[in-house]
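Structure, as structure tokens:
The values are calculated or read from the model by the stated rules, or taken from the named source; none is laboratory data. On a predicted model such as this, the values are computed, not experimentally measured, just so you know. Here the Cβ positions follow ideal geometry from the backbone for every residue, glycine too, while neighbour counts run over all protein chains shown.
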Amino acid sequence: MKQAFIFPGQGSQFPGMGKNLYDNNPLAKELFESANDILGFRISDIMFGGTDEDLKQTDVTQPAVFLHSVVAFKTMPAAKPDMVAGHSLGEFSALVANGTLHFADALKLVSVRAGAMQRACEMNPSTMAAVLGLADDKVEAICAAVYAETHEVVVAANYNCPGQLVISGSIKGIEIACERMKAAGAKRALVLPVGGAFHSPLMLPAKEELAAAIEATTFHVPSCPVYQNVAAKAVTHAAEIKKNLIDQLTGAVRWTQSVEAMIADGATHFTEAGPGKVLQGLVLKINKEMVVNGVS
């Protein structure tokens, strides 16, 4: 029996997130105040008292979800993972949980990532769409065909669970692809309310900025393997972890494949640390025999 800890990404935020931890745990309060100092603004005030709209700003959302997740993990009694993984942004939380990154270093990287992604979104207006009920290979083939015929960027971005795949690309590319997905039998192909084409080649400017920050940061020997989004396998070497973390910005989140690899390597229990329950639901859709729970 192996215990996996998993960490959510952007989209799991909600008003009031983390306040219960702050109010009731001295370590949590210390971590929140440390984050306020590192970021140079009181993110805790926005998390506890801000609106949905306040929390949707990328430079707030990413540090907020990261912070809530890490605090939830660190305030758990006897949290000793055998393996960790995070969905997109959540990979940074996972790397704190297994000791690869120190809290302050990871938060600084998340802040750089958020700013770089925001600027990339402003440079290239773009979006994402959820495709439900269509096989992965069909989705991939349609994306490739749209690009080949129109040169509009559109790629498979998030393999969330069987039958749920998110595509990412230019606004026109996504519109064309959605029509073709529906014609090919997708139950739904729905454009998402996001600010840009995350996990696509349109994030290349952000990737270059994040790469410089990651290369300048010390990565430590992890206490257990991390199953990274782009690799979907156990990784323990710092140089490989760095490379995968950089590649993640323009590469796909292979969540289905990562969870399957964790199960193949012995995971039976999955604990989601942080806001929301999205990942618990995805794990059960990937394998209904797993035991899931959450700490927030």
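A few notes on this one:
- Residues in segment 105-119 include none that are of a type in the set (S, T, N, Q) and either outside the structural domain of Leu55 (by TED's automatic domain parsing) or surrounded by 23 or more Cβ atoms within 10 Å (Cβ to Cβ) (or both).
- Of the criteria (1) farther than 22 Å from Asn287 by Cα; (2) crowded, with 23+ Cβ neighbours inside 10 Å; (3) outside the structural domain of Lys285 (by TED's automatic domain parsing), which one Leu165 fails: (1)
- Segment 270-286, residues that are over 16 Å from the mean Cα position of the chain (by Cα), under 16 Å from Ala94 (Cα atoms) and not hydrophobic (A, V, I, L, M, F, W, C): none
- Residues located in segment 40-75, provided they are among the basic types (Lys, Arg) and either closer than 15 Å to Gly276 by Cβ or over 20 Å from the mean Cα position of the chain (by Cα) (or both): Arg42, Lys56
- Residue within segment 52-61 that is in contact (Cβ under 8 Å) with a residue 24 or more places away in the chain, closer than 29 Å to Ser258 by Cβ, assigned to a helix (DSSP H, G or I) and hydroxyl-bearing (Ser, Thr, Tyr) present: yes
- Residues being of a type in the set (Gly, Ala, Ser) and in contact (Cβ under 8 Å) with a residue 40 or more places away in the chain - total across segment 133-161: 3
A quick yes/no check of all residues on (1) in a loop (DSSP other than H, G, I, E, B); (2) touching an Asp or Glu at 6+ places or on another chain (Cβ under 7 Å); (3) at pLDDT 95 or above:
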{"residue": "Glu152", "(1), (2), (3)": "yes, no, yes"}
{"residue": "Val155", "(1), (2), (3)": "no, no, yes"}
{"residue": "Val166", "(1), (2), (3)": "no, no, yes"}
{"residue": "Arg180", "(1), (2), (3)": "no, no, yes"}
{"residue": "Ala186", "(1), (2), (3)": "yes, no, yes"}
{"residue": "Pro205", "(1), (2), (3)": "no, no, no"}
{"residue": "Glu208", "(1), (2), (3)": "no, no, no"}
{"residue": "Ala212", "(1), (2), (3)": "no, no, yes"}
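- Taken together, the residues in segment 26-41 that are within 13 Å of Val60 (Cα to Cα) and polar (S, T, N, Q) amount to 1.
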